[in-house]
């Protein structure tokens with residue numbers, strides 16, 4: 001057997017004007033309401049633990065997020081998960097946090113990821129080490145989310161490292177960032193999104209949205225600034241397991257805002273897990289109606305099995321009818 | 001230190017004015033400083049800068065001063081040393097994700113920036129820190145950068 005030629009895994013954009021060859025970018029640019037979902041990384045070295053989770057998510061989503069030690073807790077790396085997923089043909093979003101690696105390591109990972117067939121990269125600052133299971137660790141933060149975006153954009157568009165040295169085959173990736181409309185200083189948040197767009201963000205995934213009124217206020221300002229036309233915005237959602245879990249998240253996970261009304265609703269339910277799922281379905285339906293939102297990002301912590309049901313029940317898949325491409329011959 | 005930092009944020013306008021005037025003075029005596037040699041001036045200048053900026057801004061001597069763009073609040077005092085705005089972990093009361101008792105550096109900076117010139121200075125993305133400059137004089141580095149930029153313009 002001959003060795004694979006260049007291009008087998010190194011994917012170039014197939015559509016003119018696209019940054020990547022990925023399914024997520026194609027879905028978003030075609031105007032489809034996109035769905036992404038987070039894969040909870042295993043505390044194991046067994047690839048089956050990754051594939052079993054990816055299998056249930058891939059039924060309904062355009063790309064799977066491989067988290068990078070989120071919450072500063074150690075798990076299988078995002079690079080490792082992406083290696084497994086791309087090998088099996090899954091569409092991935094590789095998350096890069098600035099907490100654990102410096103600019104040399106990160107840029108190397110970007111080239112490696114693109115070579116494996118990763119089409120999307122999400123640029124994050126990362127949670128502080130103090131919030132995780134290794135508070136003794138040395139925090140790196142050589143770059144931040146904004147400079148990380150600029151760095152990868154220059155690698156892709158100008159084919160050069162941060163040092164200026166030339167890259168012979170640039171990484172064709174669709175660039176993403178995070179946004180949190182629910183943390184102070186609230187009036188700055190839309191401007192922060194503008195800054196991330198200026199730095200290269202083409203899509204954003206937001207923190208969990210439980211407060212629709214607040215999201216609408218944020219989106220109104222985003223539309224005023226015209227940002228919804230410069231960047232695809234995917235709203236973060238997820239099922240809450242119980243009122244107790246919701247309280248714990250609110251108190252312990254940085255940046256998550258859960259209104260009292262939500263917790264009261266869960267408390268009053270006979271089956272809290274079921275109510276949490278139903279609540280998530282309703283939130284997705286409300287979010288889908290907000291102008292300027294291009295999709296949802298489902299973060300179902302240790303409840304991956306629910307994602308497919310949630311998306312199906314929300315009815316958003318019905319909106320994804322084949323549009324102007326329907327005359328294309330099918331196999 | 002947090003008290004001083006918040007005072008600096010509240011008085012960002014005054015400090016910004018003083019900062020800009022000092023820069024003008026520096027610009028004025030630049031030929032003299034260049035004559036003495038930047039490298040020779042690094043240590044004595046850093047010796048002056050350290051106590052002054054430590055007192056006013058809780059300065060960490062990164063040598064790559066960003067105060068003018070960050071509402072006169074030192075971004076290196078952020079536990080994540082962010083230079084481009086707040087992370088998503090700011091607590092509802094404006095407290096830091098990592099040190100809840102401390103007010104988020106960027107919440108203070110936001111108020112400082114509004115007092116100076118609105119949010120204009122904060123809109124432009126800032127380059128990552130040059131870690132070689134740690135413990136060197138930010139003033140001298142400012143002159144170095146200005147000279148390098150002028151040389152670059154002349155080259156073109």
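Since every read-out is calculated from the coordinates, none of them should be taken as a lab result. Being a predicted model, the structure only gives us computed values, none of them experimental. FYI the Cβ positions are ideal-geometry reconstructions off the backbone, even for glycines, and counts take in every protein chain you see.
Can you give the average number of partner chain beta-carbon atoms within 10 Å of each beta-carbon in peptide A:176-186, as a whole number?
Counting other chains' Cβ atoms within 10 Å and averaging over A:176-186 gives 4.
Tell me the relative contact order for the range B:2-141 as a rounded percent, counting alpha carbon contacts under 8 Å between residues six or more apart. It would help to have the intermediate numbers written out before the result.
Numbers: 180 pairs, mean separation 48.5, N = 140.
Computed over the range B:2-141, the figure is 35 percent.
With each label point set 7 Å from Cα along the Cα-Cβ vector, what nm distance links residue B:54 and residue B:149?
3.0 nm
Could you check the spin-label model distance between residue A:230 and residue A:186? Points 7 Å from the Cα along Cα→Cβ, value in nm.
So the label points at residue A:230 and residue A:186 sit 2.4 nm apart.
At residue B:39 and residue A:289, where each label point lies 7 Å from the Cα along Cα→Cβ, what is the point-to-point distance in nanometres?
6.9 nm
What is the fewest-to-most order of A:290, A:233, B:36 by other Cβ atoms lying within 10 Å of their Cβ?
B:36, A:290, A:233
Please state, as a whole number in µm²/s, the translational diffusion coefficient that the Stokes-Einstein equation yields for the range A:202-308 at 10 °C and 1.306 mPa s, with Rh defined as the Kirkwood radius across alpha carbon pairs.
Approximately 111 µm²/s, per Stokes-Einstein.
Just counting partner chain Cβ atoms within 10 Å, what average do the residues of peptide B:122-132 show around their Cβ?
5
Using only the Cα atoms of the range B:2-141, build the gyration tensor, take square roots of its eigenvalues as a ≥ b ≥ c, and label the shape rounded, prolate or oblate: rounded if a/c is under 1.5, else prolate if a/b is larger than b/c, else oblate.
Prolate, since a/c reaches 1.5 and a/b exceeds b/c.
Take every DSSP beta bridge whose two residues both sit in the protein assembly as shown, then give the antiparallel share in percent to the nearest 5.
Here the share of antiparallel DSSP bridges comes out near 5 percent.
Quote the convex hull volume per residue of the range B:77-156, based on C-alpha atoms, as a whole number of Å³.
139 Å³
For the protein assembly as shown, report the translational diffusion coefficient in µm²/s to the nearest whole number, using Stokes-Einstein at 10 °C, 1.306 mPa s, and a Kirkwood Rh over Cα pairs.
Using the Kirkwood radius from Cα pairs, D works out to 66 µm²/s.
Under 1.5 on a/c is rounded, so check that first for the range A:13-97, then, if it is not, pick prolate when a/b is larger than b/c and oblate when it is not; a ≥ b ≥ c are the square roots of the alpha carbon gyration tensor eigenvalues. Each step should come with its number before you reach the end.
Working: a/c = 2.03, a/b = 1.83, b/c = 1.11.
Since a/c reaches 1.5 and a/b is larger than b/c, the shape of the range A:13-97 is classed as prolate.
Give me the extension gain from residue A:248 to residue A:45: residue separation times 0.36 nm, minus the current Cα-Cα distance, reported in nm with one decimal.
Numbers: separation 203, 0.36 × 203 = 73.08 nm, distance 2.89 nm.
Difference between extended and current length: 70.2 nm.
Per DSSP helix of 4 or more residues, -39500 (n - 2.57); summed, then divided by the residues of chain A. What does that give at 222 nm, rounded to the nearest 500?
On the way: 11 runs with 126 residues, N = 331.
Mean residue ellipticity, 222 nm, calculated: -11500 deg cm²/dmol.
Determine the shielding of peptide B:74-82 by partner chains: average, over its residues, the number of Cβ atoms on other chains within 10 angstrom of each Cβ.
Values: counts 0, 1, 0, 0, 3, 5, 12, 6, 7.
Across the residues of B:74-82, the mean count of other-chain Cβ atoms within 10 Å is 4.
Just from its helices, what would the mean residue ellipticity at 222 nm be for chain B, if runs of 4 or more DSSP H residues each count -39500 (n - 2.57) and the sum is divided by every residue, rounded to the nearest 500 deg cm²/dmol?
My calculation for chain B gives -17500 deg cm²/dmol from helical runs alone.
For Cα pairs less than 8 Å apart in space and 6+ apart in sequence, what is the mean separation divided by the residue count of chain A, i.e. the relative contact order in percent?
17 percent
Is the shape of the range A:183-233 rounded, prolate or oblate, going by the alpha carbon gyration tensor and its root eigenvalues a ≥ b ≥ c, with a/c under 1.5 for rounded and a/b larger than b/c for prolate?
prolate
Any idea what angle helix A:272-288 forms with the longest principal axis of chain A, computed on alpha-carbon atoms, 0 to 90 degrees, nearest 10?
Computed tilt is about 60 degrees.
Compute the helix-to-body angle for A:212-224: its Cα long axis versus the longest principal axis of chain A, expressed 0 to 90° and rounded to tens.
It works out to around 40 degrees.
By counting other Cβ atoms within 10 Å of each Cβ, how are B:111, A:305, B:117 ranked from fewest to most?
Lowest count first: A:305, B:117, B:111.
Relative to the longest principal axis of chain A, what angle (0 to 90°, nearest 10) does the C-alpha long axis of helix A:47-58 take?
So the helix axis and the longest Cα principal axis differ by about 70 degrees.
What Rg and what Dmax come out for the range B:64-116 when only alpha-carbon atoms are used, in angstroms?
According to the Cα coordinates of the range B:64-116, Rg and Dmax are 10.3, 31 Å.
Translational diffusion coefficient of the range A:99-196 at 20 °C, 1.002 mPa s, Stokes-Einstein with Kirkwood Rh over Cα pairs, in µm²/s as a whole number.
D, rounded to a whole number, is 146 µm²/s.
Which of A:23, B:153, A:55 comes first, and how do the rest follow, when ranked by fewest Cβ neighbours within 10 Å?
Exposure proxy ranking, most exposed first: B:153, A:55, A:23.
Using r as the Cβ-Cβ distance of residue A:309 and residue A:104, and R0 as 41 Å, what FRET efficiency do you calculate, to the nearest 0.05?
Step by step, r from the Cβ atoms, then E = 0.40.
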